Amino acid sequence: MPVYSDIVIIGAGPAGMSAAIAATRCGLSVTVLDRQSAVGGQIYRNIEHSSSELQNFLGKHYTHGLSIAEEFHSCPAKLITNATVWSIENGTVNVSCNGAAMSFCSTHIIIASGAVERPVAVSGWTLPNVMGAGAADLLLKDSGLTLDAPVIVYGNGPLLLQSVVHLQQLDIPIAGILLTASYRNFISSLPCMPQALMRPTYLFEGMHMFLKTLGSKAPVFFNVRDLSLSHEDKQLMASFSRGRKSHSLSGQTVLLHEGVIPDTRLTRLTGCLHDWNSLQRYWYPRTTCWGETTQQGVYTIGDGAAVYGAEAAALQGTLAGLECARSLKKITKKERDKKASATFRKLKKVTSTKPLIDTCFAPIPSKLVPTDETIVCRCEEITAGEIRKTIAQGFLTPDGIKSQLRTGMGQCQGRMCEQAILEIIAQECALEPESIPTYHIQPPIFPVSLGEIARTDASSN
Ligand SMILES: Cc1cc2nc3c(=O)[nH]c(=O)nc-3n(C[C@H](O)[C@H](O)[C@H](O)COP(=O)(O)OP(=O)(O)OC[C@H]3O[C@@H](n4cnc5c(N)ncnc54)[C@H](O)[C@@H]3O)c2cc1C
């Protein structure tokens, strides 16, 4: 039988933990499920087990996670780690936990599954030692692993600047910093500056990272395009263009990054409506200010709802926890509003920098479209050229292409190829991705054995 609690929360990052703290304070029973072996999510990953050297190195933005984790552990929520949610059906959440099948049910499900790094499909991105900049940071947090040097950094976004600063602090040589943003991005973001001044410290820190990047000993290139990676003489070669000139650099590791995007697999699986963010080019679930989606009883908060960062994720968690308590009649509407008013005020301040960041680091659509020889679906090794031929035959949706080429049917279930396929269709058909249907998401969203599925069905019955 599935285990019942008032709320099931998926994700123990800042959003999920804060929702659990707020809900249990109102007297609700809460189960929190997370794929990782400990709480923290992406930003506070491994926070409870990391060395003091690492904590000192990553600073207060990382160690702040310790106080949230401590508060979470002192609340009566039930935490189940190593628990991968692979389906949600009619209020039942199916989980694979160390090879065992488990099910949880509730009338209130909070999806706090966070964001993923936007996969950057460039020629050669499947080569060894080519990885996401965020992924490299997670390696550092998880196991203190550093990178083979020199490192080539490519792309756009605040996390990319953070990676550059980390490399500098660790004295890891950088061969080159290739930024896809153009100066125009910075100019168009200027009108958003007055609103962003509500958060001066954050702005100052961002500016500091930017200046450190510009002041790097390594060459910095703006408006880079046509990156192509290859392996030559035990080195990674990066060839790219800037203006009319072609350049090349060699290194041992390449970090790619074009921002993070909400992981919408669970909200799509539950049938929630989504909207398109045309600036940051991602889909995000439509929600109320309390995080409730268009599906009754399904909430989503944090970076999985829209990428606002860790502080906003925690505040949204508190709001969703309070709203669930109201909905389950543990507190009145008046009590909810009273408890939530300070949180809403903080959220307004914390999100004031969002328009500036989104505009300044807006990905340039033409740079997200892979060239013909680029492998787009890593699982089935399908190139952009093969996808273009299939589009020319009249298959104009990701699912249509999947039916012909098996894209999205491998281990990652479309996580790595979907964005690039949307961009290719948009370019070939001169459409906005907004008007192109996404992959139809079906369970299991993570690989799970048939034995486990059978055991889940038996236990649910
Ligand atoms: C690779 C990466 C690195 C990042 N690094 C930084 C950084 O260094 N600094 C920074 O400011 N921001 C960083 N971010 C952004 C950061 O993730 C957020 O701002 C913040 O962590 C959002 O909090 P959250 O609670 O919404 O999600 P998260 O912190 O991402 O937490 C989501 C949790 O949900 C769990 N989960 C997801 N799907 C499932 C599932 N199906 N079943 C069970 N559990 C699931 C995950 O294991 C995770 O623990 C990073 C993002 C990414 C994608």
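The values are calculated or read from the model by the stated rules, or taken from the named source; none is laboratory data. Note that the coordinates shown come from a computational prediction; the quantities given were computed from them, not determined experimentally. Because the Cβ atoms are built from the backbone with ideal geometry, glycine has one as well, and the counts that use them run over all protein chains shown. Side chains are part of the model used for accessible areas, which takes the heavy atoms of the whole protein and leaves out ligands, DNA and RNA. Shrake-Rupley method; radii C 1.70, N 1.55, O 1.52, S 1.80 Å.
List of remarks:
- Flag if Tyr202 is in contact (Cβ under 8 Å) with a residue 12 or more places away in the chain, within 16 Å of the ligand (Cβ to nearest atom) and open to solvent by 50 Å² or more (accessible area, probe 1.4 Å): yes
- Residue list for segment 69-87, restricted to those being open to solvent by less than 40 Å² (accessible area, probe 1.4 Å), within 14 Å of the ligand (Cβ to nearest atom), in contact (Cβ under 8 Å) with a residue 60 or more places away in the chain and more than 20 Å from the chain's Cα centre (by Cα): Phe72
- Subset tally (residues that are open to solvent by less than 10 Å² (accessible area, probe 1.4 Å), near the ligand (Cβ under 6 Å from one of its atoms) and farther than 16 Å from Ala313 by Cα) for segment 11-41: 1
- Flag for Gln36 being within 24 Å of the chain's Cα centre (by Cα) and assigned to a loop (DSSP other than H, G, I, E, B): yes
- Answer residue from segment 213-227, given it is outside any helix (DSSP H, G or I) and open to solvent by 40 Å² or more (accessible area, probe 1.4 Å) and is farthest from Ser248 (Cα to Cα) among those: Gly215
So that you can scan it fast, the table gives a plain yes or no per residue for (1) outside any loop (DSSP other than H, G, I, E, B); (2) at pLDDT 95 or above:
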position: Ala22; (1), (2): yes, yes
position: His49; (1), (2): no, no
position: Leu54; (1), (2): yes, no
position: Ser113; (1), (2): no, yes
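- Single residue of segment 355-408 satisfying the filter (open to solvent by 30 Å² or more (accessible area, probe 1.4 Å) and under 21 Å from the mean Cα position of the chain (by Cα)) that is farthest from Tyr183 (Cα to Cα): Cys379
- The listed residue being in a strand (DSSP E or B) and either at pLDDT below 95 or among the aromatic types (Phe, Trp, Tyr) (or both), out of Phe210, Phe240: Phe240
- Meets criteria (within 16 Å of the ligand (Cβ to nearest atom), under 21 Å from Leu227 (Cα atoms) and not in a loop (DSSP other than H, G, I, E, B)) for Leu159: yes
- Residue within segment 116-127 that is of a type in the set (A, V, I, L, M), crowded, with 20+ Cβ neighbours inside 10 Å, within 13 Å of the ligand (Cβ to nearest atom) and not in a loop (DSSP other than H, G, I, E, B) present: yes
- Residue within segment 316-325 that is out of contact with any Cys (no Cβ under 9 Å at 6 or more places or on another chain), within 16 Å of the ligand (Cβ to nearest atom) and open to solvent by less than 30 Å² (accessible area, probe 1.4 Å) present: yes
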